[in-house]
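Visitor: One structure follows; several queries about it will come next.
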Amino acid sequence: MAGLTLEELRAEIETTRQRRGAEQDRSKQLNDELQEAIERQRLRRELDQERAGLLSSQEDNRRLLAVRSNVDQDQDGPYLPGSSRVRPRSSKPQLLIPASNNELCTSFGHAVTRGEYVWKLQQLSWLPSVLRQEDLWAAKSKVLWVGGFPFQFVCNPHGGYLVSSFGWDDREAQGSVAIMTCAPEEFVLRYRIYVKARDGSFAQWGETDDEIHDGEITAYGPDVNWQGQAYPPTVTGIFGLTFEQLLQSDWVEDDTLTLKFVLEVRPEGCYESKLFSQAVEVPEATMNRDTQALLEKGSCSDVRFIVQGEDVHAHSQVLCARSEVLEKQLTGGMQESASKVIVVEDCDVATFKAFLQFLYTDRLPTIDELGARAPSADQGGDGNVQLLQMQALLAVSHKYQATRLQRWCEAQLCERLSSAEVCGILGQSHLFQANQLEKACLAYIKRHLTEVLKLPAYTEMVTKWPEIGVKLSLFSAGVPEAEAAAVMDARSSVETCQKRRRLQS
């Protein structure tokens, strides 16, 4: 600036003045847009209230319809038969016949709405620092709705004040994790809070509790207490742990705390009574149990699988209805369509029986069931029996295109990744094009890179599938998914051209 001439300085001043004027005009425009955004937010909340009111009115009308129906059927109302308000027109004595086989049912929970939500707090160790940096009291989830009433989950790592998006509670609630609501109407809330352990199971924290919401901003939770409360909880924190203890506990895996909330909401209103004549108990459905028995007994079976030298009998109608691959084998003119004998060489007996059980009952197995099915020779004491069985079940479900079972296996493997097994699972997901499982494996390796890269399994994997190594490099570098896919496609095209040249030469 010191070397500018007189004219150049005047020109620079004019240019700067024009730019400042443009920024001032833009500031006014942005302020107008901000006011519009605030008004849109206000209208959204007004719409939420109107929707909640609509749901409440609809529920009231449903109850009135039920009461009207009971009155029309002489099951309710002030002038029921035998009531002293109505004098019989005839002076003849009336014969009262006691009702038999009549059942009077009174329902107190017919209007209950249930919601189940999982809240994952990732990179949990950063939470206290983030709250201080952003000058916040607590971390908050998105607002969700159950039965027309708004709820939000709130976490204060050190059990301090709980502040939601609904505003500040005059009673100054404190605690570590809470369910908060601001519904103006009165309702009953029954809630349970669970915490996920490293083995994948959920344990309930605190007791199942019923609360009558009084229409104010309120927080509910096992360790929630209020300023000035006579008897605050003696134990605060999840399972009585401080935040530092929680980070080192089995409830936090990969710096992630997973909470599950089960909310049941009953709006204000009368309960429901109904009189049922000729009461008949309807038994539970037995189809799953019946088809399971059909598979186990083998009655009227017409297909025989030979698995590891063992015969497993099944029914072609069930197999064709449940698996397109098996339908082609049994009806497409192949050898199996005539002999009705299918040799399975790439699966053990226990896994194949678990697969057939799913085809017959559509019931997903439990992790414990898979471990119990494993042959004793496979257990070896390494603690990975269930994981190996899950991988085997994933392979057979992919082979026969049982998509629901395949996706379930992928989801279970995502929750049970370990450094010792992640390379084998990543290779399997690459072969089966299981994209979500592949992403989970890549993310796990990125977090445990120095540990996994030392393993012989990693060297074997990238030697067998070099493209997996490229995918890992792209994922670790944070390359967007679309761009990474374009790189892999280009690489595949180059490799295809090279193979053609080698064949031609």
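The values are calculated or read from the model by the stated rules, or taken from the named source; none is laboratory data. All of these numbers come straight from a predicted model, not from anything done at the bench. Neighbour counts run over all protein chains shown; Cβ positions are idealised from the backbone, glycine included.
Visitor: Residues to consider are A37, A52, A22; find the one that is assigned to a helix (DSSP H, G or I), more than 40 Å from the chain's Cα centre (by Cα), among the small types (G, A, S) and on the phi < 0 side of the Ramachandran plot.
Guide: A22
Visitor: I would also like to ask the following. Are any residues in the range 154-183 in contact (Cβ under 8 Å) with a residue 40 or more places away in the chain, more than 16 Å from K120 (Cα to Cα) and part of a loop (DSSP other than H, G, I, E, B), and if so, which ones?
Guide: H158, G159, L162, F166, W168, D169, D170, R171, E172, G175, A183
Visitor: Examine the range 213-227 for a residue that is surrounded by fewer than 13 Cβ atoms within 10 Å (Cβ to Cβ) and either of a type in the set (D, E, K, R) or modelled with pLDDT of 90 or more (or both), and state whether such a residue exists.
Guide: yes
Visitor: Residue check: is L359 among the aliphatic types (A, V, I, L, M) and either modelled with pLDDT of 85 or more or outside the structural domain of Q308 (by TED's automatic domain parsing) (or both)?
Guide: Yes: the conditions hold for L359.
Visitor: Tell me yes or no: at least one residue of the range 289-299 is under 19 Å from R363 (Cβ atoms) and either of a type in the set (K, R) or at pLDDT 95 or above (or both).
Guide: Looking through the range 289-299, at least one residue is under 19 Å from R363 (Cβ atoms) and either of a type in the set (K, R) or at pLDDT 95 or above (or both).
Visitor: Only one of (1) of a type in the set (V, I, T); (2) at pLDDT below 90; (3) in the same structural domain as G148 (by TED's automatic domain parsing) fails for V282. Which number is that?
Guide: Going through the list (1) of a type in the set (V, I, T); (2) at pLDDT below 90; (3) in the same structural domain as G148 (by TED's automatic domain parsing), V282 breaks only (3).
Visitor: Please go through the range 461-498 and give me each residue that is hydrophobic (A, V, I, L, M, F, W, C), closer than 25 Å to H448 by Cβ and over 30 Å from the mean Cα position of the chain (by Cα), ordered by number.
Guide: Of everything in the range 461-498, those that are hydrophobic (A, V, I, L, M, F, W, C), closer than 25 Å to H448 by Cβ and over 30 Å from the mean Cα position of the chain (by Cα) turn out to be M461, V462, W465, V470, V487, M488.
Visitor: Considering only residues that are within 21 Å of Y360 (Cα to Cα) and modelled with pLDDT under 90, which ones fall in the range 320-347?
Guide: E336, S337
Visitor: Taking the range 185-212, which residues are touching a residue at least 60 places away in the same chain (Cβ under 8 Å) and either touching a Leu at 6+ places or on another chain (Cβ under 8 Å) or not in a strand (DSSP E or B) (or both)? If you could, list the steps in order and put the result at the bottom.
Guide: Step one: of the range 185-212, the residues touching a residue at least 60 places away in the same chain (Cβ under 8 Å) are 185-196, 200.
Within the range 185-212, E185, E186, L189, R190, Y191, I193, Y194, V195, K196, G200 qualify.
Visitor: While we're here: Quick one: in the range 428-442, of everything that is aliphatic (A, V, I, L, M) and farther than 15 Å from V462 by Cβ, which residue is farthest from the chain's Cα centre (by Cα)?
Guide: A434
Visitor: Condition first: surrounded by 16 or more Cβ atoms within 10 Å (Cβ to Cβ), assigned to a loop (DSSP other than H, G, I, E, B), touching a residue at least 60 places away in the same chain (Cβ under 8 Å) and of a type in the set (S, T, N, Q). Can you find one or more residues in the range 141-153 that meet it?
Guide: No.
Visitor: Moving on. Assess whether Q58 counts as being at pLDDT 85 or above, of a type outside the set (F, W, Y) and either over 30 Å from the mean Cα position of the chain (by Cα) or in a helix (DSSP H, G or I) (or both). Can you show your working first?
Guide: Working: at pLDDT 85 or above: no; of a type outside the set (F, W, Y): yes; either over 30 Å from the mean Cα position of the chain (by Cα) or in a helix (DSSP H, G or I) (or both): yes.
So Q58 does not fit the description; no.
Visitor: Which of (1) closer than 30 Å to F166 by Cβ; (2) of a type in the set (G, A, S); (3) at pLDDT below 85 does A2 not meet, given it meets every other one?
Guide: Unmet for A2, out of (1) closer than 30 Å to F166 by Cβ; (2) of a type in the set (G, A, S); (3) at pLDDT below 85: (1).
Visitor: Identify, please: which residue in the range 121-169 is modelled with pLDDT of 90 or more and among the β-branched types (V, I, T) and is, among those, nearest to the chain's Cα centre (by Cα)?
Guide: Among those that are modelled with pLDDT of 90 or more and among the β-branched types (V, I, T), it is V154.
Visitor: Taking the range 170-215 on its own, how many of its residues are aromatic (F, W, Y), under 25 Å from the mean Cα position of the chain (by Cα) and closer than 30 Å to Q41 by Cβ?
Guide: 1
Visitor: Next question, about the same structure. Identify all residues within the range 422-479 that are polar (S, T, N, Q) and either surrounded by 15 or more Cβ atoms within 10 Å (Cβ to Cβ) or farther than 21 Å from M390 by Cα (or both); write none if there are none. Full working, then the answer.
Guide: Within the range 422-479, the subset polar (S, T, N, Q) is 428-429, 433, 435-436, 450, 459, 463, 473, 476.
Hits for the range 422-479 are Q428, S429, T450, T459, T463, S473, S476.
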